[in-house]
Amino acid sequence: MHILGINAYHGNASAALVSDGRLVAAVEEERFNRVKYAAGFPAAAIRYCLETAGISLAEVDHVAVPRNPWARLGTKLFYALKMPSFARERAKVLARFVGIPEALAQAFDAAPKKIRAKFHRVEHHQAHLASTFFVSPFDQAALLSADGLGDFASTMWGTGRGNRMSIAGSIAFPHSLGMYYTGVSQYLGFRKFGDEYKVMGLAAYGEPAYLEEFRQIVRTNGGIGFRLGLDYFQHHRTGPEMTWSDAGKTPELGLMFSGYMAKRLGPARDPASPVEKPQRDAAASLQARLEEVLFGMLRTLHARTGLNAVCLAGGVAFNCVANGKIFAETPFEQIFVQPAAGDAGLAVGAAYFVHHQVLGQPRSFVMDNAYWGPGYSPEKVRSAVAASRLREEGMEIAELPEEQIAKEAAKEIAAGKILGWFQGRAEWGPRALGNRSIVADPRRAGMKEILNARIKHREMFRPFAPSILAEATADFFERSNPSPFMTQAYSVRPEKRAAIPAPTHVDGTGRLQTVTREANPRYWRLIREFGDLTGVPVVLNTSFNDNEPIVCRPEEAIECFLRTKMDALVLGDILVRKPASSAPGASN
Ligand SMILES: [Fe+2]
């Protein structure tokens with residue numbers, strides 16, 4: 001039985017295919033159309049999923065979409081009456097959403113009646129909860145989803161047992177931890193879709209000097225819920241302004257903070273002006289208050305459910321700084337966050353919701369790795385290399401046996417070279433986890449500056465992340481709980497901070513990826529070889545891209561390698577190196 005999950009006409013459009021309970025493929029549309037966070041209809045992602053399963057659209061039994069127009073109809077109508085422009089925008093999106101069967105038929109050039117699949121609408125946050133619990137290793141867990149807004153809710157919690165979830169409560173628009181974080185990020189001058197990540201990195205550079213004020217911005221009363229101080233915001237008056245429908249553009253959000261926020265905290269930062277101490281302290285206060293509220297909710301959830309494992313989803317679940325503190329701040333002992341915790345993950349969630357909650361099928365799958373995207377055969381990689389400018393540019397190209405590739409690549413990294421590492425199937429979710437990664441030496445304090453200057457061009461306050469052999473986690477970090485998808489940040493042991501300065505953030509933490517041999521044998525071997533050479537079984541890992549979606553095809557990897565002046569590139573079993581004389585390296 002084949003179930004196709006589709007997140008369409010919403011940020012991070014994506015598709016996933018579940019066949020007889022097993023995830024076969026999952027990918028974001030942005031990897032194909034090269035538009036970051038692309039919304040619109042994910043035709044290429046769907047095509048990839050069907051091809052991977054070797055089936056046609058006509059063979060799909062169920063299509064699951066993570067949106068239910070009937071959810072919270074009363075709240076929707078209330079705001080539609082208050083804000084006619086908002087009602088018009090929603091009507092437009094809804095019309096497209098209702099037309100998904102037609103869009104499918106059109107994209108695949110099929111007569112609508114040839115599509116025999118049954119269509120299911122799954123409420124946004126129920127799909128989020130399903131996306132984490134049903135693929136987690138837990139038979140029972142407390143569940144929490146928190147994001148900006150979906151089907152007019154921002155937060156939902158409940159319990160998962162076996163193949164069922166039960167919902168215990170939710171919080172509706174306009175109260176939203178996601179909009180809180182986005183609104184304050186916008187106030188701090190970070191106004192692009194997805195900029196919250198930058199502000200989380202900035203927070204480590206400040207003091208939570210405005211925490212009292214931030215307790216007014218998000219208010220709690222000891223229960224599981226919270227309310228926004230609406231004076232500080234305007235989204236409840238203007239409507240949640242989002243442009244979702246255009247596939248060719250990164251989504252945009254309207255400004256959510258009000259003049260009152262500027263009155264209380266000082267003028268909003270112009271995005272073009274430098275970041276100063278007030279912004280650093282406001283970012284730290286924003287993060288500190290998010291953590292207070294989140295940990296309070298989790299403690300209540302633990303008390304109510306009596307369960308020791310928690311599954312998180314929604315954009316807020318990408319807050320790796322908060323996630324890393326859950327063990328210390330709440331009684332939960334185990335956490336699961338799947339790699340696409342945000343809205344891309346809805347495609348997986350909607351499909352598994354149908355499989356278990358609707359069809360009652362038993363659990364049979366655990367997402368123990370993130371490699372659900374496109375992979376390319378050795379022949380395809382070879383022909384991409386042959387057709388490229390690599391030889392023209394004077395590169396040394398060698399095809400080596402698998403075990404030698406890791407050895408040679410580790411030598412390059414240890415020599416301070418920046419290595420593009422392209423292997424196997426692409427990662428699901430926004431983090432590069434060793435298949436589409438740029439890898440560098442974590443021991444060199446200056447590596448962050450070198451990477452930023454030559455390749456990534458990111459703000460200096462954003463940290464780079466470490467990948468570590470899972471078995472060595474406790475040697476370097478103060479916690480050893482698995483973090484296979486880079487969703488938790490832990491403190492680096494004080495005595496080890498000098499050993500891995502490049503991926504250690506200013507607050508002494510690292511957003512680590514724990515790598516097991518089972519989940520990614522090639523990447524594990526690379527890190528082990530580097531550890532054998534240097535005594536440090538850790539590499540710095542950043543995504544293989546330069547202000548664009550992560551590279552997907554070998555051609556894109558080669559293009560990015562040449563454009564950004566990396567020193568070496570591994571594509572499957574092929575090692576590409578700059579001739580020794582022209583490699584800039586870290587030491588020059
Ligand atoms: Fe969401």
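List of remarks:
- Residues being assigned to a helix (DSSP H, G or I) and more than 23 Å from Tyr9 (Cβ to Cβ) - total across the range 115-143: 1
- Filter result (without any contact (Cβ under 8 Å) to a residue 24 or more places away in the chain and in a loop (DSSP other than H, G, I, E, B)) within the range 212-240: Asn221, Gly229
- Ala146 vs. criteria in a strand (DSSP E or B) and more than 16 Å from the ligand (Cβ to nearest atom): no
- Checking the stated criteria, Arg121 turns out to be within 16 Å of the ligand (Cβ to nearest atom), charged (D, E, K, R) and without any contact (Cβ under 8 Å) to a residue 60 or more places away in the chain.
- All positions within the range 149-200 that are part of a helix (DSSP H, G or I), aliphatic (A, V, I, L, M) and away from the ligand (no atom under 13 Å from the Cβ): Val184, Val199, Met200
- Selection count where residues are charged (D, E, K, R) and in a loop (DSSP other than H, G, I, E, B), scope the range 509-544: 2
- For the range 422-508, no strands (runs of 3 or more DSSP E) sit wholly inside it while including 3 or more residues that are β-branched (Val, Ile, Thr), modelled with pLDDT of 95 or more and within 19 Å of the chain's Cα centre (by Cα).
- If you check Ala288, Ala283 for being of a type in the set (Gly, Ala, Ser), in contact with a helix residue (DSSP H, G or I) (Cβ under 7 Å, 6 or more places away or on another chain), open to solvent by less than 10 Å² (accessible area, probe 1.4 Å) and closer than 17 Å to Thr182 by Cα, only one passes: Ala283.
- Screening Val570, Val551, Val536 for residues that are within 18 Å of Ala410 (Cα to Cα) and crowded, with 24+ Cβ neighbours inside 10 Å leaves exactly one candidate, Val570.
- Looking across the range 1-46, the residues that are over 14 Å from Gly349 (Cβ atoms) and among the polar types (S, T, N, Q) come down to Ser19, Asn33.
- Only residues that are part of a strand (DSSP E or B), among the small types (Gly, Ala, Ser) and within 16 Å of the ligand (Cβ to nearest atom) were counted across the range 297-314, and they come to 1.
- Conditions (1) open to solvent by 40 Å² or more (accessible area, probe 1.4 Å); (2) within 16 Å of the ligand (Cβ to nearest atom); (3) closer than 16 Å to Cys311 by Cβ; (4) charged (D, E, K, R): number failed by Asp139: (2)
Residue-wise test of (1) touching a Pro at 6+ places or on another chain (Cβ under 6 Å); (2) within 16 Å of the ligand (Cβ to nearest atom); (3) part of a helix (DSSP H, G or I).
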| residue | (1), (2), (3) |
| --- | --- |
| Pro267 | no, no, no |
| Asp270 | no, no, no |
| Arg289 | no, no, yes |
| Val316 | no, yes, yes |
| Ile326 | no, no, yes |
| Ala344 | no, yes, yes |
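- Some residue of the range 353-365 being touching a residue at least 60 places away in the same chain (Cβ under 8 Å), open to solvent by 20 Å² or more (accessible area, probe 1.4 Å) and within 22 Å of the chain's Cα centre (by Cα): yes
The values are calculated or read from the model by the stated rules, or taken from the named source; none is laboratory data. Fair warning: this is a prediction, and the values are worked out from it, not measured in the lab. So basically every Cβ, Gly included, is an ideal-geometry build from the backbone, and we count neighbours across all protein chains shown. Note: accessible area is taken over every heavy atom of the protein model, side chains too, but ligands, DNA and RNA are not part of it. Shrake-Rupley method; radii C 1.70, N 1.55, O 1.52, S 1.80 Å.
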